[in-house]
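A.B. asks: Dropping the structure in here first, questions after.
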Amino acid sequence: RILILDFGAQYTQLIARRIREIGVYCEIWAWDHDPAEIARFAPRGIILSGGPESTTLPGAPAAPQEVFDSGVPLLGICYGMQTMAAQLGGATEAADQREFGHAEVQVVAADALLQGLSDHEGDARLDVWMSHGDHVARVPTGFRVSAVTDRIPVAAMADDQRRWYGVQFHPEVTHTKQGLALLRRFVTGICGCRTLWTAANIIDDQIARVRDQVGSDEVILGLSGGVDSSVVAALLHRAIGEQLTCVFVDTGLLRWQEGDQVMAMFAEHMGVKVIRVNAADRYFKALEGVTDPEAKRKIIGGLFVEIFEEESNRLKNAKWLAQGTIYPDVIESAGSKTGKAHVIKSHHNVGGLPEHMKLGLVEPLRELFKDEVRRLGVELGLPREMVYRHPFPGPGLGVRILAEVKREYAELLARADAIFIEELRKSGWYDRTSQAFAVFLPVKSVGVVGDARAYEWVIALRAVETIDFMTAHWAHLPYELLGTVSNRIINELRGVSRVVYDISGKPPATIEWE
Ligand code: XMP
């Protein structure tokens, strides 16, 4: 396995995902993680990530001495290379201008890392992605310059003897064409890691671990219909069968017919024990008269905990609570003070279940990125369509009804949403958008029904493209598609006479309307 020390770059998780993709397990630790643990972790190689700081300033983050004493191969990327240079006796220089974007790197003395990699036939030149201010001006003793660009004197440096390497560019982004090949060469060639990190192996390993952890005890799981809890359900069912009981709370605020679909798939098709709680009445009652979005979120989340607790109290023998926590929820990233806090994930963002439930935690996805969770889901036999579904917020339709949440509105909205999604799938646009949904607007606009004027509701459609959900573009859906969706919603749903399309980007508009 590989250890990645994080110096706070936005790309650090991408490095980890690429290495996992290659088939090698890796973990991300903050650069100031207790260095005594490095030996215990026993990595076969260490990668120092990029970061926003400057080694030319006092107090800049540095790699712990243990990294250099460990004797394993090292790869410094961007800031990671700069700190290697600064710490090992070379020199770095601050530039007055940042270099960001495509660059061409000339290999001048091929090392074990760059040997034979090229994007230009007959010439050792690489097309790479740069994002840096500082650069290495002089390499430390033992190193040589292995690549340059016309802007910087050291684009890569190497010490083949000690197997220490540095690159100024970012091999983890796809714009660096040979990036994956370079990382593969480092982890499998130079570090000698075997590529055992595959969906099938992860499943076998987790099954063994879960069995070992829970023995013959019973386990409960809150199944939400989302990807993470569904994959946990499928995995635990395979690991411990009848010892698993899922509690599925149907809030009345889910996607159209989602409750029935969850039951059909898990209970009927796979034979998982699922307790379905039809709680729609309770939710609508609790939400009566509430219009403030944050108040709605609190009520929906709080009620979930209450119901889940009631149900699990009935399962007297349950000793464990399974959760779909995934790796991005637990990564201790440099610059964040949340550190190693044990994150309790609740799909309603209420900060988890009450302490007094006294259940041990089973979190089989704790080490996995979302793309790995999806691959696991497919391997476990869950339908691809479900595993690659757009995200759905915990409070569900509750925050897509811009008014008091009433059953009548929720039903109209769920059906409008289903029409939209069906047409997106049919036209091939579903997979080209990251999230798409309908929103219920509590305004009555005028329409003509027959010969009379009628004042009816408005439905807004939203579809966005995004990588990380922090920023997003509205999707340029074809007019014909929007026309079909609009016609269908207006014709098939009583009470809606107008459909609009949201063309706002994030920022400033958020993806959800509340
Ligand atoms: P915004 O609206 O903040 O949404 O641009 C970003 C992503 O977060 C989802 N979202 C939520 N998810 N509980 C959730 O579990 C919430 O209260 C919530 N609010 C927004 C949203 O669907 C989008 O994917």
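The values are calculated or read from the model by the stated rules, or taken from the named source; none is laboratory data. Not measured: the values here are computed from a predicted model. Backbone-built Cβ (ideal geometry, glycine too); neighbour counts: all protein chains shown.
A.B. asks: Looking at PHE68, PHE7, can you tell me which residue is of a type outside the set (Lys, Arg) and closer than 15 Å to TYR165 by Cβ?
C.D. replies: Values: PHE7 fails: closer than 15 Å to TYR165 by Cβ.
The unique qualifying residue is PHE68.
A.B. asks: Looking at the stretch 456-486 only, could you name the residues that are away from the ligand (no atom under 16 Å from the Cβ), modelled with pLDDT of 95 or more and closer than 30 Å to GLU408 by Cβ? If you could, list the steps in order and put the result at the bottom.
C.D. replies: Here is the first cut: in the stretch 456-486, the residues away from the ligand (no atom under 16 Å from the Cβ) are 456-459, 476-486.
Keeping just the survivors that are modelled with pLDDT of 95 or more gives 457-459, 476-486.
Once the filter is applied, which keeps residues that are away from the ligand (no atom under 16 Å from the Cβ), modelled with pLDDT of 95 or more and closer than 30 Å to GLU408 by Cβ, the stretch 456-486 yields TRP457, VAL458, ILE459, LEU477, LEU481, LEU482, GLY483, THR484, VAL485, SER486.
A.B. asks: Say we look at the stretch 368-408 and pick out the residues that are farther than 22 Å from SER230 by Cα and in a loop (DSSP other than H, G, I, E, B); which of these is nearest to the ligand (Cβ to nearest atom)?
C.D. replies: Initial filter on the stretch 368-408 (farther than 22 Å from SER230 by Cα): 399-408.
From what's left, in a loop (DSSP other than H, G, I, E, B): 400, 402-406.
Numbers: ARG400: 9, LEU402: 13, ALA403: 17, GLU404: 18, VAL405: 14, LYS406: 20 Å.
Looking at residues that are farther than 22 Å from SER230 by Cα and in a loop (DSSP other than H, G, I, E, B), I get ARG400.
A.B. asks: I would also like to ask the following. Scan the stretch 38-59 for residues that are surrounded by fewer than 18 Cβ atoms within 10 Å (Cβ to Cβ) and among the aliphatic types (A, V, I, L, M) and report the count.
C.D. replies: Number satisfying all stated conditions: 3.
A.B. asks: Does LEU424 qualify as being touching a helix residue (DSSP H, G or I) at 6+ places or on another chain (Cβ under 7 Å), crowded, with 17+ Cβ neighbours inside 10 Å and not acidic (Asp, Glu)? Outline the logic, then answer.
C.D. replies: Values: touching a helix residue (DSSP H, G or I) at 6+ places or on another chain (Cβ under 7 Å): yes; crowded, with 17+ Cβ neighbours inside 10 Å: yes; not acidic (Asp, Glu): yes.
Yes, satisfied.
A.B. asks: Residues that are in the same structural domain as LEU365 (by TED's automatic domain parsing): find the helices (runs of 4 or more DSSP H) completely inside the stretch 173-281 holding 1 or more of those.
C.D. replies: Numbers: elements: 179-184, 199-214, 227-240, 258-262.
Those helices (runs of 4 or more DSSP H) span 199-214, 227-240, 258-262.
A.B. asks: I would also like to ask the following. In the stretch 118-164, how many residues are within 19 Å of LEU74 (Cβ to Cβ), in a loop (DSSP other than H, G, I, E, B), hydrophobic (A, V, I, L, M, F, W, C) and under 35 Å from the mean Cα position of the chain (by Cα)?
C.D. replies: Residues meeting the conditions: 2.
A.B. asks: Something else about it: What is the number of the single condition among (1) within 16 Å of the ligand (Cβ to nearest atom); (2) of a type outside the set (Ser, Thr, Tyr); (3) in contact with a strand residue (DSSP E or B) (Cβ under 8 Å, 6 or more places away or on another chain) that ARG453 does not meet?
C.D. replies: Every condition holds for ARG453 apart from (1).
A.B. asks: Just give me the residues in the stretch 157-180 being free of Cβ contacts under 8 Å to residues at least 60 places away in the same chain and among the small types (Gly, Ala, Ser), in sequence order.
C.D. replies: ALA158
A.B. asks: Only one residue in LEU287, LEU254, LEU221, LEU244 is over 21 Å from HIS390 (Cβ atoms) and within 24 Å of the chain's Cα centre (by Cα). Which one?
C.D. replies: Details: LEU287 fails: within 24 Å of the chain's Cα centre (by Cα); LEU254 fails: over 21 Å from HIS390 (Cβ atoms); LEU244 fails: within 24 Å of the chain's Cα centre (by Cα).
Within the list LEU287, LEU254, LEU221, LEU244, the selection yields LEU221.
A.B. asks: Continuing with this model, one more query. Does at least one position in the stretch 442-460 carry a residue that is farther than 15 Å from LEU402 by Cα and in contact with a Leu (Cβ under 8 Å, 6 or more places away or on another chain)?
C.D. replies: no
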